[in-house]
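Here is the structure we will look at.
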Amino acid sequence: MTHALDITIDEYLEIERTYVDAELQRILPPEDEYPQSIHRAMRYSVFAGGKRLRPILCLEAGRLFGTNERPLLRLAAALELIHTYSLVHDDLPALDNDDLRRGKPTNHRVFGEALAILAGDALLTLAFETVAASGLAPPERQARLVKDLAHAVGTRGMVGGQVVDLAAAAHAEENSGAGPPDSVTLHYIHAAKTGSLICAALRTGALAAGASEGDVERISAYGAKVGLAFQIADDLLDVLGSSESLGKAVGKDGRQHKSTYPALHGVEESQRIAARLVDEARAVLAPYEERGRRLGEMAHYLITRQR
Ligand code: IPE
Ligand code: IPE
Ligand code: MG
Ligand code: MG
Ligand code: MG
């Protein structure tokens, strides 16, 4: 789907969200398919009302270099499956122990821990099945894309970041007053737990479109910067935002001794760091001129959003 550039960013995001949701509807097994319980649990969290930002970033990156829209949409939807799996597991009692997500009770609160764990597993697995079956690109390029995506969400990416995030919180709790970790560790946690998947959304979109190595690296550099900025904004919303608009609890990072930018750098300095990252990300897009406009707007949106 391409749009006239004169619609606002909010209108644009709404249109794209609907477009991605329709594809997710096609990909997920129906609720009445056996075994119904797991399909119900998967659909519950996917359709609880996420912003679909990773799919939208992926679509924009793919369109920047021009590609077949149908397989690109499959890839975009697969990214949302991975993201939703990460949220279902992130909320589990053994991780962040949250009760509210996307404005609804968390998956394990509705379906129990066992089904929530399995629903997460199944969403992650379905994502890779979807990408593998998408006919996105010639086989060699598709294999690289799958490898890069897997790398981004494993222990050298998202899972690695989550592990250090949890370890740092446990350390802070055991040594009351230990405070947040050093800025290098904090940067690693945020870049890995959240930046990796956001960066992969953009990178795989560009790869699917057959972008040149130089373009793939440029888009990845943009992705790494906005991905980090996105998690800093998430930390800030936990301090400054409201549960009603976010659809999740606020103030929980402090209570759980989480390593956050505001805890280490303070609110204003964190806002400055996020704004600087977004400026740098937009500068990376300069060679694309008008074609990169939406991605430039998205970067700004990612840190100014209220939800
Ligand atoms: C929340 O992500 C979790 C983080 C990685 C910070 P989003 O803010 O994109 O959540 P949804 O998908 O809109 O619910
Ligand atoms: C989420 O980070 C990162 C994931 C990989 C899921 P948070 O734990 O800060 O996300 P929220 O605040 O619960 O959405
Ligand atoms: Mg977490
Ligand atoms: Mg959490
Ligand atoms: Mg958070």
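The values are calculated or read from the model by the stated rules, or taken from the named source; none is laboratory data. Quantities reported herein were computed from a predicted structural model and do not represent experimental measurements. We place every Cβ from the backbone using ideal geometry, glycine too, and count neighbours over all the protein chains shown. With ligands, DNA and RNA removed, areas are computed over all heavy atoms of the protein, side chains included. Shrake-Rupley method; radii C 1.70, N 1.55, O 1.52, S 1.80 Å.
Observations on the structure shown:
- When we screen Leu87, Leu81 for residues that are among the aliphatic types (A, V, I, L, M), under 13 Å from the mean Cα position of the chain (by Cα) and within 12 Å of ligand 2 (Cβ to nearest atom), the only hit is Leu87.
- Whichever residue in region 154-163 is open to solvent by 30 Å² or more (accessible area, probe 1.4 Å) and without any contact (Cβ under 8 Å) to a residue 60 or more places away in the chain and, among such residues, is nearest to the chain's Cα centre (by Cα): Val159
- Test: residue in region 176-192 that is of a type in the set (S, T, N, Q) and under 30 Å from Ala133 (Cα atoms): no
- Taking the criterion of being in a helix (DSSP H, G or I) and either within 16 Å of ligand 4 (Cβ to nearest atom) or open to solvent by 50 Å² or more (accessible area, probe 1.4 Å) (or both), the residues of region 129-138 that qualify are Glu129, Ala132.
- In the set (1) in contact (Cβ under 8 Å) with a residue 24 or more places away in the chain; (2) at negative phi; (3) open to solvent by 10 Å² or more (accessible area, probe 1.4 Å), Ile56 fails one condition alone, (3).
- Filter result for the condition that a residue is more than 16 Å from ligand 2 (Cβ to nearest atom) and among the hydrophobic types (A, V, I, L, M, F, W, C), over Leu246, Leu228, Leu202, Leu197: Leu202
- Whether a residue is open to solvent by 40 Å² or more (accessible area, probe 1.4 Å), over 11 Å from the mean Cα position of the chain (by Cα), closer than 22 Å to Cys199 by Cα and at pLDDT 95 or above was assessed, and Arg40 does not pass this test.
- Check on Leu166, in contact with a helix residue (DSSP H, G or I) (Cβ under 6 Å, 6 or more places away or on another chain) and in contact (Cβ under 8 Å) with a residue 24 or more places away in the chain: no
- Restricting Val146, Val184, Val131, Val164 to residues that are within 12 Å of ligand 2 (Cβ to nearest atom), farther than 19 Å from Ser37 by Cβ and among the hydrophobic types (A, V, I, L, M, F, W, C) narrows the list to Val164.
- Matching residues, region 107-122, being crowded, with 23+ Cβ neighbours inside 10 Å, within 17 Å of Glu80 (Cα to Cα) and out of contact with any Phe, Trp or Tyr (no Cβ under 6 Å at 6 or more places or on another chain): Asn107, Ala116, Ala119
- Test: residue in region 145-163 that is modelled with pLDDT under 95, within 19 Å of Arg54 (Cα to Cα) and touching a Leu at 6+ places or on another chain (Cβ under 9 Å): no
- Breaking point among (1) over 21 Å from Ala132 (Cβ atoms); (2) open to solvent by 40 Å² or more (accessible area, probe 1.4 Å), for Arg203: (1)
- Criterion (under 20 Å from Ser243 (Cα atoms) and either out of contact with any strand residue (DSSP E or B) (no Cβ under 8 Å at 6 or more places or on another chain) or within 16 Å of ligand 3 (Cβ to nearest atom) (or both)) met by exactly one of Asp21, Asp32, Asp10, Asp98: Asp98
- Qualifying residue in region 10-19 (condition: of a type outside the set (Ser, Thr, Tyr) and within 26 Å of Ala116 (Cα to Cα)): yes
- Qualifying residue in region 94-101 (condition: surrounded by fewer than 19 Cβ atoms within 10 Å (Cβ to Cβ), over 25 Å from Glu297 (Cβ atoms) and acidic (Asp, Glu)): yes
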